1. Compute the distance from the alpha-carbon center of the stretch 74-151 to that of the stretch 679-757, in whole Å.
2. Can you order the peptides 746-752, 277-283 by their average number of other Cβ atoms within 10 Å per residue, highest first?
3. Quick one: if you stick a label point 7 Å off each Cα along the C-beta vector at E215 and H822, how many nm between them?
4. Could you let me know the centre-to-centre spacing of the stretch 34-58 and the stretch 174-243, using Cα atoms, in angstrom?
5. Quick one: angle between helix 352-361 and the longest Cα principal axis of the chain, in degrees between 0 and 90, rounded to 10, please.
6. Sort C488, C294, C493 by Cβ crowding within 10 Å, fewest neighbours at the top.
7. How many angstrom lie between the C-alpha centres of the stretch 800-871 and the stretch 475-522?
8. Helix 97-114 versus the longest principal axis of the chain: what is the Cα-based angle in degrees, 0 to 90, to the nearest 10?
Amino acid sequence: MQDKYNHLEVEQAAQADWTARDAYRVVEDPRKKKFYACSMLPYPSGKLHMGHVRNYTINDMLTRYLRMNGYNVLMPMGWDAFGLPAENAALKNKVPPAKWTYENIAYMKKQMQAMGLAIDWSREVATCDPSYYKWNQWLFLKMLEKGIAYRKTQIVNWDPVDMTVLANEQVIDGKGWRTGAVVEKREIPGYYLKITDYAQELLDHVQHKLPGWPERVKLMQENWIGRSEGVRFAFPHTIKDDSGELIGGGRMYVFTTRADTIMGVTFAAVAPEHPIAQQAAKTNPGLAQFIEDCKKGGTTEAELALREKEGMDTGLTVIHPFTNEEVPVWVGNYVLMTYGDGAVMGVPGHDERDFEFAMKYRLPIMQVIHVEGERYDYKEWHDWYADKERGVTINSDIFSGFGYKEAVEAVAHKLAEKGLGEKKVTWRLRDWGISRQRYWGTPIPIIHCDEHGAVPVPEKDLPVVLPQDCVPDGSGNPLNKREDFLQCSCPICGKPARRETDTMDTFVDSSWYFMRYCDRTNDQKMVAEGTQYWMPMDQYIGGIEHAILHLLYARFWTKVMRDMGLVKIDEPFTKLLTQGMVLNEAFYRVDTGKHYYWAHELDIERDEHAKVISAKSKADGQPVTYEGWTTMSKSKNNGVDPQDLIEKYGADTARLYTMFTAPPEATLEWNDAALEGSYRFLRRVWAFGHKLSQSAPVGATAFGKQAQALRREIHTVLRQVDYDYQRMQYNTVVSGAMKMLNALEDFKAHGDAGADMALREGFGILLRVLYPVTPHVAHAQWQALGYAAAHGDLLDAPWPRVDEDALKQDEIELVLQVNGKHRGSIFVPAGADKGEIEKIAVASEPFAKHGGGATPKKVIVVPGRLVNVVI
């Protein structure tokens, strides 16, 4: 083997060998215990980033370790290839999204292969491939048959310039993120999936069937599902529509978890889209304008929480169900039509939002809850006003004097007697709207016929193929201009009809791709025997940013597939690891906007702790602002290109660094000096292997003291490393490998029996320990030093086992001091008592040499560490 470590040659040779042997192709094998480890599939944006490198190295280490332990391990990869970024890139570059997407896939795949990942590429999927999205369409039609999918009118954010629907996240300060146009709210038809039918099961399984998930992710899932127990009741009214019919049958329903405060209602608020609001606006121009203004902006709960609460009196009233008093109805910009019944009861005395609203518009405030020892202040909100635990009802007629639970029960009972309400469970979770008025996505398989309406595409005609040559121009969905796509015949009557141009939410694509990996080449079934063998997934790895929607939709999709007899599992992911983000320092200057600088463009001054004191632009010498540590991003010019890093240091260095610097779940702060340190370590590993290759193996039948001590240290570290591999604490795995190399480098044989054998055994263990994290270096040295001949190829070499005999100590080494100065060492029996140790110390060669023939005055023994002879 070469004396110098050349990472390019080493990695190219290893990868060529693995490719030639198709080393990572995996087949179902019932004789082996299976393990399915999967990283969340990436969006093909053009280049991998260091977050990808970290994520996939975690997965790769797990895969290689388990394969060496006899598991049949699957690690596939694919591409979340549909979506808005491709359309935006196409708009900018004037090319079809398909061209941009497939070029990016090809480049990113080369990057992954350069990392040496043990991916079974025979299972690769791209969600924009018709062979994949055919099954999105097929299952959608099955859901339609069973009533899980349905069509209804939805309120959406509409960009009048781009002529398209925007996600809530694309509405910034009430304007389209790209055009800057004031966003409108429109009601348009769309398709929904009844995820709410599975709300209780999704919630129950969080605690009972996801023991391998992080607690914070489970809590996020629970909060998003949002089960609430309360009372749904009606305010009677006499408000009529233009035809003279009572709106809502003369009842305005609300839901509340605080029925104990019902006697404190002083107003009601409805959403701008509520029928009562719409009716009132017909004769009130000011209200009509207010409602139009409410349509501007996003519709997320987060946005509504931050938005200033505004309202307007409709001039209409509803009747309190117990007092029969008139309650004024207001339109509130904070009330969502899509949540509950689109109306809320206003109890400003005991709800902070209602309190602010009442103070702003000078509405009455009534105290109906009292807490012992507290005094109510009608001018300022205090948290105890909403205290359910200590509160007791007052000023509530027959409901006075009750605690929270008793009051709710009494109120619910009386409402039921009146036929106006009942106890009910509600959910924060809403049905999943999957319609997107975008081009680059899975076509919804519906045909619109003038006579028969929305007609499902016959199964035999799937997939409905998306044209791949459209170039978006910013004027809406280009499918609306493609007559070759639009024109078709009605499956029922055969008359001319038109295809649906909405496409599916890309969360559909990512809700089941991990199952398709298992049956990639099956063109007759969505899932088959492969899925039965591999699922559920044993370990899922991905970012915390996907902790809610992606995971929730994947869980829902799995349960639907189960209920249709396609799979036999309840939950798709047994264990979940959310890896930490990769951070780097960012620097900027504000001119027309924030302008970010690359670190190499700056002169940066740091203190003795490497903290930034100041930074100046090399170009003009003027200062720039230090933003601190933030997620690596192209927009902030603080990313590190994995390809540059691989070319300069090698994939093994990149892998080693990302694993060593922080535990998998923690954030990783980028450090160029530590990166160099990882590279130096690999050069040391290579140098030691080369030195070992220059010595001829010496046979031995026994190990001397030094050799025994080396084996003891190696196997002691191996025990800890194996434990760390099992718990996926890969930073301490690397630390253990470094300890092993230190022990090997420090070993001094002095002609000790079995020295060469101990060194070769120890280095063989080190290579296997390092192999999952730095496979190229380990592969090259395993082959060069002849380990493959004895143990087989490193891919499937057995994981090293701790030799318990090696851990046993017949003798232990103690430091020998004379008058407190280090003078050498002695070996004593492992079970020697203090007197025996004293005799050995006084009779030892180091004491004879340094004691000057003096008689010891005292011998001090520190068990397990040292002996000090005082003369």
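1. 45
2. Highest-to-lowest ranking by the protection proxy: 277-283, 746-752.
3. Label at E215, label at H822, 4.4 nm between them.
4. What the calculation gives is 30 Å, centre to centre.
5. Result, in degrees: 40.
6. By the 10 Å Cβ count, ascending, the order reads C493, C488, C294.
7. 81
8. Rounded to the nearest ten degrees, it is 20.
Rule-based calculations on the coordinates, nothing more; no lab input. This is a predicted model, so every value here is computed, not measured. Note that each Cβ is placed from the backbone with ideal geometry, even for glycine, and that neighbours are counted across all protein chains shown.
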